[in-house]
């Protein structure tokens with residue numbers, strides 16, 4: 001993060017959207033999409049993380065949930081930052097399975113100077 005933001009975080013949230021990795025074979029092959037807004041910042045030393053929760057869209061009459069934490073802030077220049085998350089959804093469906101996803105948040109408040 002840039003020095004003017006280090007160790008002092010203003011309240012903000014991030015949009016998080018993406019797709020899970022495909023799982024299953026043949027007619028069972030599918031993935032899911034998700035979109036959510038993170039929690040506000042949770043301080044971690046001189047950075048912060050965000051809690052991320054979502055339910056995926058419904059596919060093959062089931063959906064998945066996720067609740068976890070983002071990475072610390074990753075500076076992308078001009079006073080903005082993003083966060084990263086790589087994890088698995090809950091196990092749902094018949095047969096029971098889960099999906100892996102890798103996602104970066106959108107930048108915080110893109111219209112703020």
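Look at the stretch 45-58 and say how many of its residues are within 13 Å of residue 73 (Cα to Cα) and at pLDDT 95 or above. Give the derivation first.
Step one: filter the stretch 45-58 for residues within 13 Å of residue 73 (Cα to Cα), giving 45-51.
Pick out the ones that are also at pLDDT 95 or above and you get 47-51.
Result for the stretch 45-58: 5.
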task = Name, by its number, the condition in (1) touching a strand residue (DSSP E or B) at 6+ places or on another chain (Cβ under 9 Å); (2) surrounded by 13 or more Cβ atoms within 10 Å (Cβ to Cβ) that does not hold for residue 110.
result = (2)
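Specify the residue that is nearest to the chain's Cα centre (by Cα); the eligible residues are those in the stretch 62-90 that are in a loop (DSSP other than H, G, I, E, B) and without any contact (Cβ under 8 Å) to a residue 24 or more places away in the chain.
First, the residues of the stretch 62-90 that are in a loop (DSSP other than H, G, I, E, B): 63-64, 70-73, 78-79, 83, 89-90.
Remaining after also requiring without any contact (Cβ under 8 Å) to a residue 24 or more places away in the chain: 71, 78.
On the way: 71: 9, 78: 22 Å.
Going through the qualifying residues, I end up with 71.
The values are calculated or read from the model by the stated rules, or taken from the named source; none is laboratory data. Remember, it's a predicted structure, so these values are computed and weren't measured experimentally. Every residue, glycine as well, gets a Cβ built from its backbone with ideal geometry; the counts of neighbours run over all protein chains shown.
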